[in-house]
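The values are calculated or read from the model by the stated rules, or taken from the named source; none is laboratory data. Predicted, not measured: the structure shown is a model, and the values here were computed from it. Glycine gets a Cβ as well: all are built from the backbone with ideal geometry, and neighbour counts include every protein chain shown.
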């Protein structure tokens, strides 16, 4: 009946004639040829007109940003599906090619959300009610639940991305929702401010400002307010990275003549330790998620390359060997997968985002052929990367599917992605 | 006298040599006969194959350059399909372009042109000097039939995005029956991974494949393990 993997020699009984155990079936092993983006239908939400419009737009954008779903164009849905309400008919939806469908009803500060999987029939696989003053908060929360139901891990909606607003006039620090909504200017320095770094808890943002005619390090509450000057050494006080316990910062100081890395107290800016000592330029430090390592840029071997050293200082180890100009390293917050995203200039002179697997040394490319892309920032769960592009604004990409979405259209520089907030 | 003694001793030595030779030959003959009378130990034929990567023909990439994303070869262009209906009307010709385009459209076109200019120019293909024009492909040698099925299934096996490897500690396994014409049936999960999306993707690989080349007489079914 079934092919025998064990072929006996001469005189063996003809096993192939008898039905045998499944274990004797010839076995092969296949590995995925790629990742598949689930085709998702997000029909117009029910409820109050304005709230429903915001809910539909916000959820469609959120789903797009995850890089896990291909959000179907609602223009392709027949009228019958648009007027279905919160109920669901799997037969109709399978005709438009949807594999999953999200239904919402938004009215009076309440959002009802339902998730249907077309292959599983007409019953919702997730049905939940959310209450929030702003429907966007409810939608982001629903989006996180949807991501969790498909992948087992919650999404990052509700977190905010900080960046330097680089339009006309002095550059200020601003924050924005992951989907580009609700932009808020955090600083009112009236003088160029740049390189924001959101603290691990998300309460504060460290940045460099030229307000006192020197690139000093300042800290401001993430919700805005008066900024306090933390480090004012003569020369550079730039590129700060918070330690995971938020008690100290590692940054570049040049008060001793050369750009070196120092650890300072996050409260009063007192220098705790000098971490590098080399005639070359050392800059752009980034803490590993467990706080044990620091990656940074140094040109000590000629061209700018990424190095990793123990957080207490010590001998740095070079980790990038491809390309002649690698900078702005950012350690992924994932402890199960040590990765460093960085900006690299390729042999054609184009800047793009690359991801280094720290254990294997393998470098993967995230962006290519679409202008110049720089300054990567990991999402708080380490599954998405935000960066600025010469195409304008901030983009977010999923390294697994390389699906990218423009989340902020205005001019921006050096994003830093704050932690996910749980309401 | 002494010479005769020597001869006798020599012939005795010859006789014992002959005995040893006869005994040895007898032993070999016996062993051969025994071997023929007993079944041979089972021979294990492993359904395993070597994978050969076919690389693109071109100049090898400098190992000190940053990597590039390699695109799969483009699908062949759609051939023009002739209608079977003898009374079919000819397709409508595209309408001539409207010259009175709106300001917005003009603006959008200009922006699109600018974006296009931003894109990096096409450069010659990279690969190996002894590569193939078609580019990367998997070629399996070994069990030809299983290799061809593996190729077909792999093409149709896409894991849902976002599934972390730690969520599938046990790769799922499916089993199916292969009909005489190669049609797949009785596709079912024989070992679940614990994640229904991953299980579905594995089953889908076989369902999408639907039909494989007609199997050799010895093969009627297959077990497939799907890993990330």
Item to complete: Take segment B:157-176 and flag every residue that is at the interface with chain A (Cβ under 9 Å from one of its Cβ atoms) and either over 29 Å from residue A:397 (Cβ atoms) or modelled with pLDDT of 85 or more (or both).
Response: B:157, B:173, B:175
Worksheet entry | So residue A:77, is it farther than 18 Å from residue A:122 by Cβ and surrounded by 12 or more Cβ atoms within 10 Å (Cβ to Cβ) | no
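Out of curiosity, is residue A:320 buried (at least 18 other Cβ atoms within 10 Å of the Cβ) and closer than 28 Å to residue A:292 by Cβ?
On the way: buried (at least 18 other Cβ atoms within 10 Å of the Cβ): yes; closer than 28 Å to residue A:292 by Cβ: yes.
Answer is yes for this residue.
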Worksheet item: What residue, among those in segment A:184-219 that are closer than 21 Å to residue A:136 by Cβ and within 18 Å of the chain's Cα centre (by Cα), is modelled with the lowest pLDDT?
Response: A:202
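Do we have residue A:343 as buried (at least 24 other Cβ atoms within 10 Å of the Cβ), part of a loop (DSSP other than H, G, I, E, B) and either modelled with pLDDT of 95 or more or over 13 Å from the mean Cα position of the chain (by Cα) (or both) here?
Numbers: buried (at least 24 other Cβ atoms within 10 Å of the Cβ): yes; part of a loop (DSSP other than H, G, I, E, B): no; either modelled with pLDDT of 95 or more or over 13 Å from the mean Cα position of the chain (by Cα) (or both): yes.
For residue A:343, the condition - buried (at least 24 other Cβ atoms within 10 Å of the Cβ), part of a loop (DSSP other than H, G, I, E, B) and either modelled with pLDDT of 95 or more or over 13 Å from the mean Cα position of the chain (by Cα) (or both) - is not met.
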Worksheet entry | Residue tally, condition surrounded by 19 or more Cβ atoms within 10 Å (Cβ to Cβ), under 25 Å from residue B:196 (Cα atoms) and at pLDDT 85 or above, over segment B:210-221 | 0
Worksheet item: Any residue in segment A:176-191 that is assigned to a strand (DSSP E or B), touching a strand residue (DSSP E or B) at 6+ places or on another chain (Cβ under 8 Å), surrounded by 20 or more Cβ atoms within 10 Å (Cβ to Cβ) and not assigned by TED's automatic domain parsing to the domain that holds residue A:67?
Response: yes
Worksheet item: Would it be correct to say that residue B:180 is out of contact with any helix residue (DSSP H, G or I) (no Cβ under 7 Å at 6 or more places or on another chain), farther than 15 Å from residue A:28 by Cβ and facing chain A (nearest Cβ under 8 Å)?
Response: no
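When segment A:356-369 is examined, which residues are found to be in contact (Cβ under 8 Å) with a residue 24 or more places away in the chain, in a strand (DSSP E or B) and more than 10 Å from chain B (Cβ to nearest Cβ)?
A:356
May I ask you to say which residue of A:291, A:239 is in a loop (DSSP other than H, G, I, E, B) and either within 24 Å of residue A:415 (Cβ to Cβ) or modelled with pLDDT of 95 or more (or both)?
Details: A:239 fails: in a loop (DSSP other than H, G, I, E, B).
Of the residues listed, the single one that is in a loop (DSSP other than H, G, I, E, B) and either within 24 Å of residue A:415 (Cβ to Cβ) or modelled with pLDDT of 95 or more (or both) is A:291.
Residues are listed down the side, and each one gets a yes or a no for (1) away from every other protein chain (no Cβ under 14 Å); (2) within 28 Å of residue A:56 (Cα to Cα); (3) in a strand (DSSP E or B); (4) touching a strand residue (DSSP E or B) at 6+ places or on another chain (Cβ under 9 Å):
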residue: A:129; (1), (2), (3), (4): yes, yes, yes, yes
residue: A:146; (1), (2), (3), (4): no, yes, no, yes
residue: A:196; (1), (2), (3), (4): yes, no, yes, yes
residue: A:205; (1), (2), (3), (4): yes, no, yes, yes
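I need a count of the residues in segment A:52-82 that are more than 14 Å from every other protein chain (Cβ to nearest Cβ) and in a helix (DSSP H, G or I).
Total satisfying the criteria: 17.
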Worksheet item: Got a sec? Which of B:135, B:127, B:142 is at pLDDT below 65 and crowded, with 17+ Cβ neighbours inside 10 Å?
Response: B:135
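Residues being free of Cβ contacts under 8 Å to residues at least 12 places away in the same chain and in contact with a strand residue (DSSP E or B) (Cβ under 9 Å, 6 or more places away or on another chain): count how many of those fall in segment A:306-341. Explain how you work it out, then say what you get.
Our first condition is that a residue be free of Cβ contacts under 8 Å to residues at least 12 places away in the same chain; within segment A:306-341, this holds for A:314-315, A:317, A:336.
When the remaining residues are screened for being in contact with a strand residue (DSSP E or B) (Cβ under 9 Å, 6 or more places away or on another chain), the result is A:315, A:317.
Selection size over segment A:306-341: 2.
Of the residues that make up segment A:287-305, is at least one within 14 Å of chain B (Cβ to nearest Cβ), free of Cβ contacts under 8 Å to residues at least 40 places away in the same chain and buried (at least 16 other Cβ atoms within 10 Å of the Cβ)?
Applying the first criterion (within 14 Å of chain B (Cβ to nearest Cβ)) to segment A:287-305 yields A:301-305.
Okay, now just the ones that are also free of Cβ contacts under 8 Å to residues at least 40 places away in the same chain, so A:301-305.
Checking which are buried (at least 16 other Cβ atoms within 10 Å of the Cβ) leaves us with A:304-305.
Yes; the residues of segment A:287-305 include at least one that is within 14 Å of chain B (Cβ to nearest Cβ), free of Cβ contacts under 8 Å to residues at least 40 places away in the same chain and buried (at least 16 other Cβ atoms within 10 Å of the Cβ).
Just name the residue that is farthest from residue A:55 (Cα to Cα) out of those in segment A:89-122 that are in a strand (DSSP E or B) and within 14 Å of chain B (Cβ to nearest Cβ).
Residues of segment A:89-122 in a strand (DSSP E or B): A:100-107, A:110-117.
Then keep just the ones that are within 14 Å of chain B (Cβ to nearest Cβ); that gives A:100, A:115, A:117.
Details: A:100: 18, A:115: 15, A:117: 20 Å.
The qualifying residue farthest from residue A:55 (Cα to Cα) is A:117.
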Worksheet item: If you take the residues of segment A:371-382 that are in contact with a strand residue (DSSP E or B) (Cβ under 7 Å, 6 or more places away or on another chain) and part of a loop (DSSP other than H, G, I, E, B), which of them is surrounded by the most Cβ atoms within 10 Å (Cβ to Cβ)?
Response: A:379
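Can we say residue A:125 is within 14 Å of chain B (Cβ to nearest Cβ) and either surrounded by fewer than 21 Cβ atoms within 10 Å (Cβ to Cβ) or free of Cβ contacts under 8 Å to residues at least 12 places away in the same chain (or both)? Quick ask: steps written out before the conclusion?
Numbers: within 14 Å of chain B (Cβ to nearest Cβ): yes; either surrounded by fewer than 21 Cβ atoms within 10 Å (Cβ to Cβ) or free of Cβ contacts under 8 Å to residues at least 12 places away in the same chain (or both): yes.
Yes, satisfied.
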Item to complete: Identify all residues within segment B:183-228 that are more than 13 Å from residue B:153 (Cβ to Cβ), within 12 Å of chain A (Cβ to nearest Cβ) and part of a strand (DSSP E or B); write none if there are none.
Response: B:186, B:188, B:190, B:191, B:221
